[in-house]
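Structure record follows, encoded as structure tokens.
The values are calculated or read from the model by the stated rules, or taken from the named source; none is laboratory data. Remember, it's a predicted structure, so these values are computed and weren't measured experimentally. Virtual Cβ from ideal backbone geometry, glycine too; neighbours counted across all protein chains shown. We work out accessible area using only protein heavy atoms, side chains counted, and drop any ligands, DNA or RNA first. Shrake-Rupley method; radii C 1.70, N 1.55, O 1.52, S 1.80 Å.
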Amino acid sequence: MQQQAAAVRSSSGAAPGRSRRSVSVVARAVQFRPCIDIHKGKVKQIVGSTLQDLQSGGEQALKTNFESEHPSSWFAELYQEDGLTGGHVIMLGADEASQAAALGALRAYPGGLQMGGGVSTENAVEYLEAGASHVIVTSFVFRDGRLEEERLADLVKLVGKRRLVLDLSCRKKEDGQYYVVTDRWQKFSTLALSEATLAYLAESCDEFLVHGVDVEGMQLGIDDELVSLLGKWSPIPVTYAGGARTLEDLERVRKAGSGRVDITVGSALDIFGGQLPYADVVAWHRQQQEAAGEPGAQQPSGGGGGGQQRGQQLDDGSVLYRF
């Protein structure tokens with residue numbers, strides 16, 4: 001597997017006053033990361049760009065592609081049966097029904113799913129104790145459009161970086177850069193994705209989750225440019241979500257991301273009312289594991305797995321590349 005060299009540089013927007021360093025990069029096969037999106041206690045697929053503040057009348061603007069008759073635990077058990085790990089449960093709202101559904105999914109597949117949506121220092125431990133392998137955070141560490149490093153540090157101290165995923169879902173602005181968006185993807189932050197930004201944030205988390213918000217839930221095809229940048233820049237596992245609709249799109253992610261970007265598929269899957277057979281995506285996932293010499297990704301994600309590796313192998317199974 002080709003690994004992209006990434007020099008970690010100081011940057012006024014990412015790592016002020018920090019010097020060049022070594023980065024641990026994990027060599028691993030591309031994975032399909034499943035999802036369970038929950039809104040008002042139901043598993044749904046929603047067009048990401050239509051999410052609004054529900055307290056300000058946003059419910060009228062919400063566009064739902066699919067609502068399942070199955071409980072969240074049904075999907076969790078399906079993913080467990082198929083040996084899929086590192087998927088995410090996302091609460092689109094903090095109502096009691098959604099919280100109960102999220103906890104139900106985590107308990108149905110202990111250690112196999114990540115938990116996101118309203119995660120903070122007040123509830124992160126509860127989700128981990130309920131069975132989440134990681135907690136996913138975005139809005140909690142951003143306030144008034146800026147990264148709150150103290151809040152991020154508090155989360156790392158509470159749960160440890162190996163249990164933390166940073167959601168850097170983003171939209172492209174007129175200047176051509178991708179900026180992290182928060183508050184149900186409606187508010188632009190001042191943080192633009194860059195090599196230095198990802199290198200700096202990687203010191204505080206185990207993985208990144210990045211939704212291409214402009215194409216999320218629309219089945220319009222992937223954002224090739226964003227996937228390519230993630231493949232070049234991210235020194236840790238990163239999962240892309242947004243626009244995938246065919247097996248060809250999964251291959252596009254594999255190629256554009258230089259074999260270093262995982263993929264989530266939502267609305268396009270037949271289990272969510274789409275046309276793409278879930279079984280075909282699972283078969284594609286297994287082909288990637290076999291091609292890399294991995295037995296099938298049976299262990300929950302914790303920074304990577306086995307496979308063909310180059311570089312200095314460490315005791316925890318990761319590979320150290322020095323740039």
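Residue-by-condition table, conditions (1) out of contact with any strand residue (DSSP E or B) (no Cβ under 9 Å at 6 or more places or on another chain); (2) at negative phi:
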site: Glu150; (1), (2): yes, yes
site: Lys157; (1), (2): yes, yes
site: Gly160; (1), (2): yes, no
site: Val165; (1), (2): no, yes
site: Cys170; (1), (2): no, yes
site: Asp175; (1), (2): no, yes
site: Val180; (1), (2): no, yes
site: Ser189; (1), (2): no, yes
site: Ala196; (1), (2): yes, yes
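Residues in segment 95-112 that are assigned to a helix (DSSP H, G or I), open to solvent by less than 50 Å² (accessible area, probe 1.4 Å) and either among the small types (Gly, Ala, Ser) or out of contact with any strand residue (DSSP E or B) (no Cβ under 8 Å at 6 or more places or on another chain) (or both): 7 in all.
Out of Gly221, Gly160, Gly176, one residue alone is open to solvent by less than 40 Å² (accessible area, probe 1.4 Å), free of Cβ contacts under 8 Å to residues at least 40 places away in the same chain and under 30 Å from Gly273 (Cβ atoms). It is Gly221.
In this structure, does Leu92 turn out to be surrounded by 24 or more Cβ atoms within 10 Å (Cβ to Cβ), within 20 Å of the chain's Cα centre (by Cα) and either modelled with pLDDT under 95 or not aromatic (Phe, Trp, Tyr) (or both)? When the stated conditions are applied, Leu92 does not pass them.
Could you list, in sequence order, the residues of segment 203-259 that are among the acidic types (Asp, Glu), out of contact with any helix residue (DSSP H, G or I) (no Cβ under 6 Å at 6 or more places or on another chain) and at pLDDT 95 or above? Those that are among the acidic types (Asp, Glu), out of contact with any helix residue (DSSP H, G or I) (no Cβ under 6 Å at 6 or more places or on another chain) and at pLDDT 95 or above: Glu203, Glu207, Glu225, Glu248, Asp249, Glu251. Just one of (1) of a type in the set (Gly, Ala, Ser); (2) touching a strand residue (DSSP E or B) at 6+ places or on another chain (Cβ under 9 Å); (3) at pLDDT 50 or above fails for Ser22. It is (3). Taken across segment 252-268, residues that are assigned to a helix (DSSP H, G or I), open to solvent by less than 40 Å² (accessible area, probe 1.4 Å) and of a type in the set (A, V, I, L, M, F, W, C) do occur, with at least one present. Cβ-Cβ contacts under 7 Å between residues 6 or more apart (or on different chains), taken from a first residue in segment 124-151 that is under 16 Å from Arg163 (Cα atoms) and of a type in the set (Phe, Trp, Tyr) to a second residue that is modelled with pLDDT of 95 or more and in a strand (DSSP E or B), are listed as Tyr127/Met115; Tyr127/Val135. Taking each residue of segment 179-193 that is open to solvent by 40 Å² or more (accessible area, probe 1.4 Å) and looking for partners that are hydroxyl-bearing (Ser, Thr, Tyr) and at pLDDT 90 or above with beta-carbon atoms closer than 9 Å, six or more apart or interchain, yields Phe188/Tyr179; Thr190/Tyr179. How many residues are assigned to a helix (DSSP H, G or I), surrounded by 14 or more Cβ atoms within 10 Å (Cβ to Cβ) and of a type outside the set (Phe, Trp, Tyr) when one looks only at segment 269-282? Result for segment 269-282: 4.
Taking the condition at pLDDT 95 or above, more than 22 Å from Leu106 (Cβ to Cβ) and open to solvent by less than 10 Å² (accessible area, probe 1.4 Å), does Leu168 pass? Judged against the criteria, Leu168 is a match.
The set of residues in segment 144-157 that are more than 20 Å from Ser189 (Cα to Cα) and loosely packed, with under 12 Cβ neighbours inside 10 Å contains only Lys157.
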